[in-house]
Amino acid sequence: MENKPKAKKGRKHLKPSIALEKQLSKQIYNALQGAVVEAVLKKIKTSGTDTYWRSSMEGHSLKVQQDLLPDFYRLCHEVKDKLHFEEPVDFYITGDSSVNAFSVAAEDEGEPNIVNVNSALFDLMTEDELRFVIGHELGHLINKDTRLTRLVRFVFPPEAAVPVALQYKIRLHEQLAELVADRYGYMATDDLGVCVTAFFKLASGLDLVKMNVSLDALIADNNRRLNYFLKDKGISRATHPVNPIRVQALNLFSTMTTQKELNDGMEELISILLKVGNSELDEFMARFIVSAGILVANIDKALNLEEYHAIIENLADLKIFPRKFVEEVMAGDIVKTFNDSVENILKVNPGMREDMLDYMILIVLSDKAISNEELNMLYDFGRNVGLSDMEVATAIAVAIQKSYVPSMEAIS
């Protein structure tokens, strides 16, 4: 990254959207029956979101009006016009020491959207940095992120348990939506340096001028920290991507001249967001789950739906896109993948042999039919990893007693 990068002319032709974010948004919305749920909620009109936020803002915050705060009013609407956002927006300032801002999309037709800036930002930010912040929040409105968030929170209220696979997808979507909003923030300023200093002020709460911190030093520090994440050590698990990813993502958006260059550059950064864990066992276990599941299921020459779902369900703890990973593994040498994964798992943790056996038994039981061929495979696996036939038989007996249910076809 150059010390003081400037946007190239070609950047103006690049799309601020990210294809994977759009894909995830659609997938989550459809999985939660979004159209049906929204239609039901529209009938009963129980949300009250607009009333809540409007009351809170009008009662406790300062509304940005032209006759009251003319300079900031002008800044907000200049950014809104620059981003070509035509929906009505009410801007507010809230007396709050936390360095933060947020946006709330209007739920009811005809109501203005809301963008709030906490007062602490005015002590830290330059006018251009405030443009980035406002652009970012308007970006969330343009990208319609709130609609999906409301749906998720309705279907899964705080006390409800969200399936792990869906949790990962929701988190990834939230992170990608932040990167999209960052692009709108950049478009409001067309100055990467402004975005970088704004990020670090938001992260640290420090006045960089008073602390004598230079832009060159910030970028050099960002590059060092980004390398940590690129070398498979760091994980980005919060709803917002870590700053090294955000800064580099904007650097790409500001300097790449074609959409392909931008997309190719983003792949490496998105790969960090796709990481679920940082244990060396994770990848070995993921490959074992798929290969062992396929081998056990194919003993009867057919991978049925119950067996496939059992593989996906167990893989969901380790991969955000388990189906895609299954396809990748199945395209290779399944037997070699199985042998390699077992060998590597036992090198790291020999105590995992019982867990691996239990998983294979689970696959055997998932289709509610147990064949002699399947039992023979379980005994062979046990012997190969140092388990006695009695230990394998005991594990099978425990699993049958705990979870086996005969099929309806067998008892009807």
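For the stretch 266-353, the equivalent ellipsoid derived from the Cα gyration tensor has semi-axes of 21, 17, 11 Å, listed largest first.
When both bridge partners sit in the chain, DSSP labels roughly 50% of those beta bridges antiparallel. Between amide H atoms placed 1.01 Å from N, distances below 5 Å from Gly205 occur with no residue 5 or more places distant or on a separate chain.
Taken per residue, the accessible surface of the chain reaches 52 Å², heavy atoms only and a 1.4 Å probe. Can you work out the PRE-style zone for Ser371? Point 7 Å along Cα to Cβ, and I want the residues of the stretch 388-406 with backbone N under 18 Å. Zone members listed by number: none at all. Taking one quarter of the surface of the C-alpha convex hull of the stretch 284-412 gives a mean projected area of 7.9 nm². Applying the criteria of a DSSP loop state and at most 13 other Cβ atoms within 10 Å to the trypsin sites (Lys or Arg not before Pro) of the stretch 266-331 yields Lys301. Each helix, a run of at least 4 DSSP H residues, gives -39500 (n - 2.57); summed and divided by the residues of the chain, these come to -20000 deg cm²/dmol at 222 nm. Shown here for the stretch 149-248: GluC sites (Glu not before Pro) in loop regions (DSSP other than H, G, I, E, B) with at most 12 other Cβ atoms within 10 Å, namely Glu159. Taking the chain as a Gaussian network, where each spring joins two C-alpha atoms under 10 Å apart, which residue of Asp340, Asp191, Asp90 fluctuates the most? So, out of Asp340, Asp191, Asp90, the one fluctuating most is Asp340. With θ taken as phi - 60° and the Karplus curve 6.51 cos²θ - 1.76 cosθ + 1.60 applied, the whole-hertz 3J(HN,Hα) list for the stretch 363-371 is 5, 4, 7, 5, 8, 6, 9, 10, 9 Hz, x standing for glycine and proline.
Between helix 215-230 and the chain, what is the angle of the helix's C-alpha long axis to the longest principal axis, kept within 0 to 90° and rounded to the nearest 10? Roughly 10 degrees, rounded to the nearest 10.
Near the amide H of Val89, within less than 5 Å, lie the amide hydrogens of Asn113, all on another chain or at least 5 residues away, with H placed in the peptide plane. Note on the stretch 69-94 and the stretch 294-352: Cα centroid distance 52 Å, given to the nearest whole angstrom. For the stretch 172-311, the relative contact order comes to 26 percent (Cα pairs under 8 Å, sequence separation of at least 6). Put simply, the amide H of Ala316, placed in the peptide plane, has no neighbours under 5 Å, leaving out anything fewer than 5 places away on its chain.
Taking Asn339, Asn143, Asn116 in turn, the Gaussian network model of the chain (Cα-Cα springs below 10 Å) assigns the largest fluctuation to Asn339. Using the Karplus relation 6.51 cos²θ - 1.76 cosθ + 1.60 with θ = phi - 60°, the per-residue 3J(HN,Hα) values for the stretch 170-178 come to 5, 4, 4, 4, 4, 5, 5, 5, 5 Hz, with x marking Gly and Pro. An ellipsoid equivalent to the chain, defined through the eigenvalues of its Cα gyration tensor, has semi-axes of 49, 27, 17 Å when rounded to whole angstrom and sorted largest first. Under the criterion of Cα pairs below 8 Å and six or more residues apart, the relative contact order for the stretch 116-239 equals 36 percent.
In this structure, the pairs whose alpha-carbon distance is over 24 Å, taken from Lys42/Lys80; Lys22/Lys63; Lys26/Lys324, are Lys42/Lys80; Lys22/Lys63. Subtracting the Cα-Cα distance of Asp108 and Val36 from 0.36 nm times their residue separation leaves 24.2 nm of extension gain. For the chain, carbon and sulfur atoms together expose 53% of the accessible surface, with a 1.4 angstrom probe and every protein chain in place.
Sequence-distant contacts, meaning Cα pairs under 8 Å at least 6 residues apart, place the relative contact order of the chain at 15 percent. In order along the stretch 396-403, the Karplus-derived 3J(HN,Hα) couplings, from 6.51 cos²θ - 1.76 cosθ + 1.60 at θ = phi - 60°, round to 5, 4, 4, 5, 4, 5, 7, 9 Hz, and Gly and Pro are given as x. Note on Lys260: aspartates and glutamates with a C-alpha under 16 Å away, same-chain residues under 8 apart excluded, are Glu268. Evaluate E = 1/(1 + (r/R0)^6) for Glu313 and Lys43, where r is the Cβ-Cβ distance and R0 equals 51 Å; express this FRET efficiency to the nearest 0.05. E between Glu313 and Lys43, to the nearest 0.05, is 0.90. Taken along the Cα-to-beta-carbon direction at a fixed 7 Å, the label points for Ser214 and Tyr52 span 4.8 nm.
The values are calculated or read from the model by the stated rules, or taken from the named source; none is laboratory data. These figures come from a predicted structure and were not determined experimentally. Neighbour counts are summed over all protein chains in view; Cβ atoms, including those assigned to glycine, are modelled from backbone coordinates with ideal geometry. To get the accessible areas, we keep the full protein, side chains included, count just its heavy atoms, and leave off ligands, DNA and RNA. Shrake-Rupley method; radii C 1.70, N 1.55, O 1.52, S 1.80 Å.
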